[in-house]
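Report on the structure given below.
The values are calculated or read from the model by the stated rules, or taken from the named source; none is laboratory data. Since we're looking at a predicted model, the values are computed, not measured. All Cβ positions, even for glycine, are placed from backbone atoms using ideal geometry, and neighbour counts span all protein chains on display. Keep in mind that these areas ignore ligands, DNA and RNA; they rest on the heavy atoms of the full protein, side chains included. Shrake-Rupley method; radii C 1.70, N 1.55, O 1.52, S 1.80 Å.
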Amino acid sequence: MASATPMYNKNEELTGYRIKVSRGYDANGKQITPYSTVWKLPEDWDKWAKKRQQKELDIAKANFQVACDRGEVKTKAEKSAEKKAIAKQLAEEDLKKMSFADAFDLYMYETKEDKKINTITSINTTMKRALKVFGKRKVEDISESDCREYLNVLKEDDLKTSTVRKHYETLHAFLNWCLKKKIISHHPMDNINKPVIQKGSEAVAVYSLEELKRIIDCSKNEPLMWQVMTLLLADSGMRRGEACALRWSDIDLSTGSVHIVNNAQYTEGEGTYDTSTKSEKDRYIYLNDQVIKILSEWKSLQKEVIEGFGKKAPKHVFTHLDSGDRINPQAPTAYFRKFGEKYGIEDCHPHKFRHTMATFMIRNGVDVKTVSEKLGHSSVEITLKLYVHIDDDAQKAANKKFASLVWNG
């Protein structure tokens, strides 16, 4: 029987259901990847009575079940295998005639097994502009000047250098694959240098001490879950996705120890899922008493309300109180944007808490290695590059101290 799981957008609004049909288990007792599809809500869904909503969903589930039973539905792996089979049959002269869009489609099918879901999503998002520009053209006909013009337009659109660099790297990797597959006879970007990010040109944004105190004070007027999110991000410096992936089993409320293991991701079609942290390493950090106290309050409220609905207490820390479902990892960004507008705090963003914590720690004498370990950076060099050079106040204070010793001694 088909099952349905609700799907939400970044604003936590219901957008549809992921319908799955089981394919049973293999000889080793491992579940075979089920057939899956996304059923989007009809436009007038909100105007329907709950009985009609359930009926329409049941019909969608039944139709998908029938399609699966008839063999009309294929898994991603089966579709990928078909694409690969077609690619092998293509003659070299046919490859030379491939359009940019067709070649990119084939590229994603052939290489996606080596990529994480969030990497695939990132590539697809980045390449949207290139597909609009080059989509119908033969890849072989795209010249060096075409690529230069494309990158120049990105710069003229006032995109950050780091963003243009990402476009460069993604397009370059795709064309490199085309060269290996003999879709093109030469790489049109070989003589185009990668955009260089000048040191200090894209400074890390932080909250001032006054802003941070105001945010914490204003958060007291907000729902308890968001109070917890605010204090946790400010105190821990963890990434938005790491916070959304936290389970109660990762936190020891008696000691304040937190084991950061996962990073929550969201993609259209896949919903919310966990991956490893950005550095692919787990780490332990410690929280201050104020955060531990409010976490305990939230845990009690969350358990009481959700169990009141006849459901089990949730495993994840950040969940909806009505359903117990975990929140979308994009929700904090949307929440803090509205929070900033509400309380007059400019550029209010969850990642800014991370930069702020690191900057103030270093400014107040905490060694860089300790800060780096708390942030979960893969190396101390990353921490040094991001934070040490931006601390102008500390440099000025050091200069004055030196002057008092040498010139005023």
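Would you tell me the accessible area of Ser162, worked out with a 1.4 angstrom probe on the heavy atoms of the protein chains, in Å² to the nearest 10?
In the full protein context, Ser162 sits at about 50 Å².
Measuring from centroid to centroid over Cα atoms, what is the spacing of the stretch 18-53 and the stretch 89-156 in Å?
32 Å
Would you be so kind as to identify all helices of the chain, as entire DSSP H runs, whose Cα atoms reach 24 Å or more along the helix's own axis and whose mean Kyte-Doolittle hydropathy is at least -0.5?
Qualifying helices, which must be both long enough and hydrophobic enough, are 161-180, 289-308.
Which three numbers, in whole Å and largest first, are the semi-axes of the equivalent ellipsoid of the stretch 120-175 derived from its Cα gyration tensor as √(5λ)?
Numbers: eigenvalues 59, 40, 19 Å².
Computed over the stretch 120-175, the values are 17, 14, 10 Å.
Rounded to the nearest 500 deg cm²/dmol, what is the calculated helix-only ellipticity per residue at 222 nm for the chain, with -39500 (n - 2.57) per DSSP H run of length n ≥ 4?
So the helix-based figure for the chain works out to -16000 deg cm²/dmol.
Provide, for the stretch 286-354, the number of lysine pairs with alpha carbons under 19 Å apart, each pair being eight or more places apart or on different chains.
10
Could you pull out every one of the lysines with an alpha carbon less than 16 Å from that of Lys136, ignoring same-chain neighbours closer than 8 positions?
Lys96, Lys97, Lys128
Using only the heavy atoms of the protein chains and a 1.4 Å probe, how would Met1, Met225 rank by accessible area, largest first?
So the residues, ranked largest to smallest area, are Met1, Met225.
Can you pull the percent of the chain's accessible area that's carbon plus sulfur, 1.4 Å probe, other chains left in place?
50 percent
Probe of 1.4 angstrom, ligands and nucleic acids ignored: what's the accessible area per residue over the chain, in square angstrom? Show your work: numbers first, answer last.
Numbers: 23670 Å² over 409 residues.
Spelled out: the 1.4 Å probe surface of the chain, per residue, equals 58 Å².
Dipole size in debye (nearest 20) for the chain around its Cα centre, Lys and Arg Cβ +1, Asp and Glu Cβ -1?
480 debye
Let me make sure I get this right: for the stretch 234-327, a, b and c are the square roots of the gyration tensor eigenvalues over alpha carbons, sorted descending. Under 1.5 in a/c it's rounded, otherwise prolate if a/b > b/c, else oblate. Which is it? Walk me through the numbers before you get to the answer.
Working: a/c = 2.24, a/b = 1.07, b/c = 2.09.
It comes out oblate by the Cα gyration axes.
If contacts are Cα pairs under 8 angstrom and at least 6 residues apart, what is the relative contact order of the chain in percent?
About 13 percent, as a whole number.
Can you tally the net charge around Cys348? Count Lys and Arg as +1, Asp and Glu as -1, for every other residue whose Cβ sits under 10 Å from the Cβ of Cys348. Kindly include the intermediate steps, with their values, before the conclusion.
Numbers: positive: Arg337, Lys338, Lys342, Lys352; negative: Glu211, Glu341, Glu346, Asp347.
That sum, taken over residues with Cβ under 10 Å, equals 0.
Using a Gaussian network model of the chain whose springs link C-alpha atoms within less than 10 Å, name the residue from Gly29, Gly271, Gly71 with the highest mean-square fluctuation.
Of the options given, Gly29 has the highest mean-square fluctuation.
Could you give me the percent of Cα pairs per 10 Å distance bin for the chain, shortest bin first, beginning at zero and ending with the bin that holds the maximum distance?
Taking every Cα pair in the chain, the percentages come to 4, 16, 24, 24, 20, 10, 2, 1, 0, 0.
Divide, for the stretch 1-55, the radius of gyration over alpha carbons by 2.2 N^0.38 Å, where N is the residue count. Write down the numbers at each step before the final one.
Values: Rg = 14.7 Å, N = 55, 2.2 N^0.38 = 10.1 Å.
Dividing the Cα radius of gyration by 2.2 N^0.38 Å gives 1.46.
Which one, Ala205, Ala81, Ala358, has the greatest fluctuation when you compute a Gaussian network model over the chain with C-alpha springs under 10 angstrom?
Ala81
If the cut-off is 25 Å between C-alpha atoms, which lysines fall inside it for Lys74, apart from same-chain ones fewer than 8 positions away?
In chain and number order, the partners are Lys20, Lys30, Lys40, Lys61, Lys83, Lys84, Lys88, Lys112, Lys115, Lys116.
For the stretch 163-306, take the convex hull of the Cα atoms, compute a quarter of its surface area, and give me that in nm², please. Write down the numbers at each step before the final one.
Numbers: hull surface 53.9 nm².
Projected over every direction and averaged, the Cα hull of the stretch 163-306 covers 13.5 nm².
Taking N as the number of residues in the stretch 276-320, what value does Rg over Cα atoms divided by 2.2 N^0.38 Å take?
Normalised Rg, Cα atoms only: 1.49.
For the stretch 297-349, build the convex hull from the C-alpha positions and give me its volume per residue in Å³.
88 Å³
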